[in-house]
Ligand SMILES: [Zn+2]
C-alpha cells in the first residue's frame, strides 16, 4: 500500500509545475550548493560529479536573480536564530570542498553579480597540505578511461577479475579507511597525486581564504578530513565539527563559523548536534544536503545544484534540479501526513 501511494504521489508530483510548488511547500529561504565550476577539465573532480561550465553557472545565477533575492549567511543566521525577517523568495548560495576554482573562477563571477556566498572548506586540505582520497580516485578513473590497457596492472588489488566499468564502480565505493588501497592503485596506474597536489594546487590557500573574507564572503567548515560522520563515534563527530570550525575561525577571524556535512547528516543524532552548538557558540548553522526538506531550525537543507538526476550522471538545468527537490519534499510531507493520520 505504501509503495503504491508513493508511486502515485511521485507521478502526481511531476505534473505540478515548478512555479506552483512554493504556494504549498512554503520555505522562508531556498539554499543551493555546488562543488566545481570551471571550463577546465578538473580531472580530480569530474568523475565524482559533473563540473559545471561557467556559462551554465551564469545561466543558473540569472535564473535565480530573476526570481529570488540572494541573502548572505549573516542574514540567514539572523533569521534562523533571532527570527529576523527575510525578503520574499530568499536564496542562499554555498560551495563545498574548497577547490581553488572557488577563488579563481566563482569568486569573480559572484562579485560581478553582487551575489553573497558561503564557501565550506575541508580544513586539512587548506594550503594543499593533503589530498582528498576521492580526488585521487577521480585521477585514477581518468587514467583508466584514457588508457584502458592499464587495467590489468591493478591485478590482485581489485576484488576479482573486473571489467573497466566494474573497476570504476569499485573505485568509487572506496572510502577514507581504504586510503592504502587507493594509494596502491595510484602507484600501479602511475598516477602521481603528490606531484598533482604540488603543481596543480587544487585547494584554496590561507591567503585566498583571507582575501575572500575581506571581500565579504563567508567561510564555513566542512570537517577536517571529509569523513562520513555517521560512521564515527560521538566524540569523533564533535572533534570533526568543532576543530574544523575553530581552524576556519583562526584563519578568518569570523565570530561564527557555519558548518556543512560531507555526504549528509543522515543518521546523526540531532541531540548531539544541538549540544555541540550550545557548548561551542562559534559553531554556526549546520548545512545538510536534503534539498528543500524541513529540519530543526539550526539545520539548513540545501539543493545539490550539480546533482545528476539520471543514471547517465549528466548535468541538468537548475530549474529542473529545483523542481525535483520540491517533488521529493512534497512526497515526503504527504507521506508523513498520511502516517500521522493513520496513527
Ligand atoms: Zn564535500
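Roughly what percent of Cα-Cα pairs across the range 133-197 reach past 14 Å? It would help to have the intermediate numbers written out before the result.
Working: 1032 of 2080 pairs.
Tail of P(r) above 14 Å: 50 percent of Cα pairs.
As a check on your grasp of the helix formula, calculate [θ] at 222 nm for the chain: sum -39500 (n - 2.57) over DSSP H runs of n ≥ 4, divide by the residue count, round to the nearest 500. Spell out each step's value before the answer.
Working: 13 runs with 154 residues, N = 343.
Counting only the DSSP helices, I get -14000 deg cm²/dmol.
Of 19, 330, 304, which has the largest mean-square fluctuation in a 10 Å C-alpha GNM of the chain?
19
Which part of the range 137-151 falls in the paramagnetic zone of residue 104, meaning amide N under 18 Å from the point 7 Å along Cα-to-beta-carbon?
139, by backbone N distance to the label point.
Connecting C-alpha atoms closer than 10 Å in a GNM of the chain, tell me which of 303, 37, 25 has the biggest fluctuation.
Of 303, 37, 25, the most mobile in the Gaussian network model is 25.
Based on the Cβ-Cβ distance of residue 184 and residue 19, what FRET efficiency does E = 1/(1 + (r/R0)^6) give at R0 = 41 Å, to the nearest 0.05?
Working: r = 52 Å, r/R0 = 1.27.
My answer for the efficiency is 0.20.
Between the range 73-128 and the range 208-223, what's the alpha-carbon centroid distance in Å?
Computed from Cα coordinates, the inter-centre distance equals 8 Å.
Given springs between every Cα pair under 10 Å in a Gaussian network model of the chain, which of 118, 158, 206 has the largest fluctuation?
Taking springs between Cα atoms under 10 Å, the residue moving most is 158.
For the range 257-272 and the range 152-178, compute the distance between their C-alpha centroids and round to whole Å.
Centre-to-centre distance over Cα atoms comes out at 29 Å.
Suppose each label sits 7 Å from its Cα in the direction of the beta carbon; what would the residue 39-residue 274 distance come out to in nanometres?
Here the modelled spin labels are 5.0 nm apart.
For the pair residue 67 and residue 11, what calculated FRET efficiency results from E = 1/(1 + (r/R0)^6), where r is the Cβ-Cβ distance and R0 = 25 Å, to the nearest 0.05?
Working: r = 26 Å, r/R0 = 1.04.
For R0 = 25 Å, the calculated efficiency reads 0.45.
For a label point 7 angstrom out from the Cα of residue 165 toward its Cβ, which stretches of the range 306-332 have the backbone nitrogen within less than 19 Å?
308-315
According to a simple spin-label model (label point 7 Å from Cα along Cα-to-Cβ), what is the distance in nm between residue 233 and residue 173?
2.8 nm
Considering only the chain, what is the antiparallel percent among its DSSP beta bridges, to the nearest 5? Mind showing how you got there, number by number?
Details: 1 of 27 bridges.
Once the DSSP bridges in the chain are tallied, antiparallel ones form about 5 percent.
Which whole-number percent gives the relative contact order of the range 133-197, counting Cα pairs below 8 Å spaced six or more residues apart?
Values: 44 pairs, mean separation 32.5, N = 65.
That works out to 50 percent.
Values in this text are rule-based calculations from the coordinates and carry no lab data. Because the structure is predicted, anything quoted here is derived from the model rather than measured. So basically every Cβ, Gly included, is an ideal-geometry build from the backbone, and we count neighbours across all protein chains shown.
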